[in-house]
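Trainee: Sharing a structure with you now.
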Protein chains: 2
Amino acid sequence: MKENTAGSNISIGVFDSGIGGLTVVKKLREKLPYVNIVYLGDTARVPYGTKSEETIIRFATEDTAFLIEKEVDLIVVACNTASSVALTHLRKAFKDYPIFGVVEPGVKMAIHATQSNSIGVIGTIATIKSHSHKKFLEREGITNIFEKACPLFVPLAEEGLSEGEIPELVARHYLEDIKDHIDTLILGCTHYPILIKTIKKVVGEKVKLIDPSSALAAKVSDFLMSKNIQPVEGNGKLDLYLTDIPPHYHSLLNLFLGFEPDTIEKVNLSEISSC
Amino acid sequence: MKENTAGSNISIGVFDSGIGGLTVVKKLREKLPYVNIVYLGDTARVPYGTKSEETIIRFATEDTAFLIEKEVDLIVVACNTASSVALTHLRKAFKDYPIFGVVEPGVKMAIHATQSNSIGVIGTIATIKSHSHKKFLEREGITNIFEKACPLFVPLAEEGLSEGEIPELVARHYLEDIKDHIDTLILGCTHYPILIKTIKKVVGEKVKLIDPSSALAAKVSDFLMSKNIQPVEGNGKLDLYLTDIPPHYHSLLNLFLGFEPDTIEKVNLSEISSC
């Protein structure tokens, strides 16, 4: 990792199973406008959250190798599923690179927010099955933990059904059982902030909703400061790589990022990793 | 293609983006119990229906090449998305193999069923965007065609939410506008028969629901008869290959197939197609 240099010399590699991880890019850009970001969205194989641990680890390893080929200085795993299932493996496989996941910052933010020490976690099937948030929370002394997989939230968000009767009914279906037991709820998937108004309506004002992406951006910022990376004027570059350009990607870019990347390129990971 | 031989010497290759295509295998087994079936479910990259035409064609080509390596005699594309988008390409790329898609048999069944010549088609985003059913229907003289993409139906079916308040509300959301204009509705996705009770409730008894898988099985059976393939006693083998073994695959197998395959193996298509 570089030290004592201008922020404009730093490049952060960010990956996600799809386009949802751009919510993390948005927070990084707000916090560290001057760094360059290389984003890989594995849109050809999205979602990861319904797949097996073995397959998620293979995909996350290929994603990280791709970003390292692009000469990034550090890696941000902007996908809760990959952070939950593959982070330990990635840190072993790519020892020379600082790798940040999205689970730990979210957990710390939730512990800071809770007053009753009763915390809820929602995420994909794979994230919840891994109990990654639960393990972190328990290590920090929290024992009242309520976990719930919400597999319909991603397709709802991607279809733009973020408010109204359908998402409300689905949110009630998932959250009715846990909402009265918690005062803090971790949104353990980058898609869920899109549904925040509906989730808030269902769980009520007394439950604090935790979006881990700002805590993750703050953690990366602290790390760069510790390496004496200096802020500079102007925005860095944002290069976007996608394994598929889906028909509705432009509206999704707008939904999750809200500004235009400098470059967009389609890549085929299997060609890169083969031979 | 072999001719004048016993059915037990024939092997049919079937592929789908996931496990939904096993509804087609079920119909093939009922119609042609003695043939062997090699099934490939691309569960690592499922779904196809939200992805681009270019990516769907690449995936379908890899799936077909895998089945041909397994020495099948003919190919059945049990995925409406791949049938809609990639069939022409597959027939050019694999000229020596009879390749059957699921779109044409469904369309013919619908034309046989309709009395008002007003037909609805529901499917994934990619299937509907391809207008594959519409083009076939128009070629057969049908002009009152109502198409609707229903992207939430697949995640609902996979979560086992086939009946009740949520699937009913979602079905109303998609079908309210078209239900009064049609007397026949093509279920243009192998997952949709799982939701058939709910769809029937929403569109009403007067609309006939068309599940193309039985028409497809009948077409394959006619083809084998034309090649003088002889029925024999006993069941053929069913070999199941999946690119991922998802956490909940056993309940899905039960839901879509209802009997046990002879073998189940996990395969990595990118390793097979590389180098």
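Trainee: So which residues in the stretch B:79-134 are among the charged types (D, E, K, R) and under 22 Å from B:GLY13 (Cβ atoms)?
Mentor: B:ARG91, B:LYS92, B:LYS95, B:ASP96, B:GLU104
Trainee: For A:ILE264, are the conditions met, namely being under 20 Å from A:VAL25 (Cβ atoms), β-branched (Val, Ile, Thr) and away from chain B (no Cβ under 14 Å)?
Mentor: Details: under 20 Å from A:VAL25 (Cβ atoms): yes; β-branched (Val, Ile, Thr): yes; away from chain B (no Cβ under 14 Å): no.
No, not satisfied.
Trainee: Hand me the list of strands (runs of 3 or more DSSP E) wholly inside the stretch B:183-271 holding 1 or more residues that are of a type in the set (D, E, K, R) and within 19 Å of B:PHE66 (Cβ to Cβ).
Mentor: Qualifying strands (runs of 3 or more DSSP E): B:238-242, B:263-266.
Trainee: Right, next: What pairs come up if the first residue lies in the stretch B:149-163 and is in the same structural domain as B:ILE128 (by TED's automatic domain parsing) and β-branched (Val, Ile, Thr), the second is at pLDDT 95 or above and open to solvent by 30 Å² or more (accessible area, probe 1.4 Å), and their beta carbons are under 7 Å apart, counting only those six or more places apart or on different chains?
Mentor: Between residues of the stretch B:149-163 that are in the same structural domain as B:ILE128 (by TED's automatic domain parsing) and β-branched (Val, Ile, Thr) and residues that are at pLDDT 95 or above and open to solvent by 30 Å² or more (accessible area, probe 1.4 Å), there is no close pair.
Trainee: Answer yes if at least one residue in the stretch B:239-258 is exposed (fewer than 15 other Cβ atoms within 10 Å of the Cβ), in the same structural domain as B:SER17 (by TED's automatic domain parsing) and under 18 Å from the mean Cα position of the chain (by Cα), and no otherwise.
Mentor: yes
Trainee: Please specify each residue of the stretch B:88-104 satisfying the condition of being open to solvent by 30 Å² or more (accessible area, probe 1.4 Å) and not in a loop (DSSP other than H, G, I, E, B).
Mentor: Within the stretch B:88-104, B:THR88, B:HIS89, B:ARG91, B:LYS92, B:ALA93, B:GLU104 qualify.
Trainee: Mind checking whether some residue in the stretch B:120-140 is surrounded by fewer than 16 Cβ atoms within 10 Å (Cβ to Cβ) and either in contact (Cβ under 8 Å) with a residue 24 or more places away in the chain or aliphatic (A, V, I, L, M) (or both)?
Mentor: yes
Trainee: I'd like to verify a number: residues in the stretch A:163-191 that are modelled with pLDDT of 95 or more and touching an Asp or Glu at 6+ places or on another chain (Cβ under 8 Å), how many?
Mentor: The number of residues fulfilling the criteria is 2.
Trainee: Inspect all residues belonging to the stretch A:248-256 and state whether any of them is free of Cβ contacts under 8 Å to residues at least 60 places away in the same chain and touching a helix residue (DSSP H, G or I) at 6+ places or on another chain (Cβ under 7 Å).
Mentor: No, the conditions are met nowhere in the stretch A:248-256.
Trainee: Please specify each residue of the stretch A:134-166 satisfying the condition of being basic (Lys, Arg) and either at the interface with chain B (Cβ under 10 Å from one of its Cβ atoms) or not in a helix (DSSP H, G or I) (or both).
Mentor: Correct list: A:LYS148 only.
Trainee: Got a number for residues in the stretch A:61-81 being closer than 23 Å to B:GLY49 by Cα and away from chain B (no Cβ under 13 Å)?
Mentor: Matching residues across the stretch A:61-81 total 2.
The values are calculated or read from the model by the stated rules, or taken from the named source; none is laboratory data. Keep in mind that this is a model prediction, so the values were computed, not measured. Note: ideal-geometry Cβ built from the backbone for every residue, glycine included; neighbour counts use all protein chains shown. These accessible areas exclude ligands, DNA and RNA; they are computed on the full protein's heavy atoms, side chains included. Shrake-Rupley method; radii C 1.70, N 1.55, O 1.52, S 1.80 Å.
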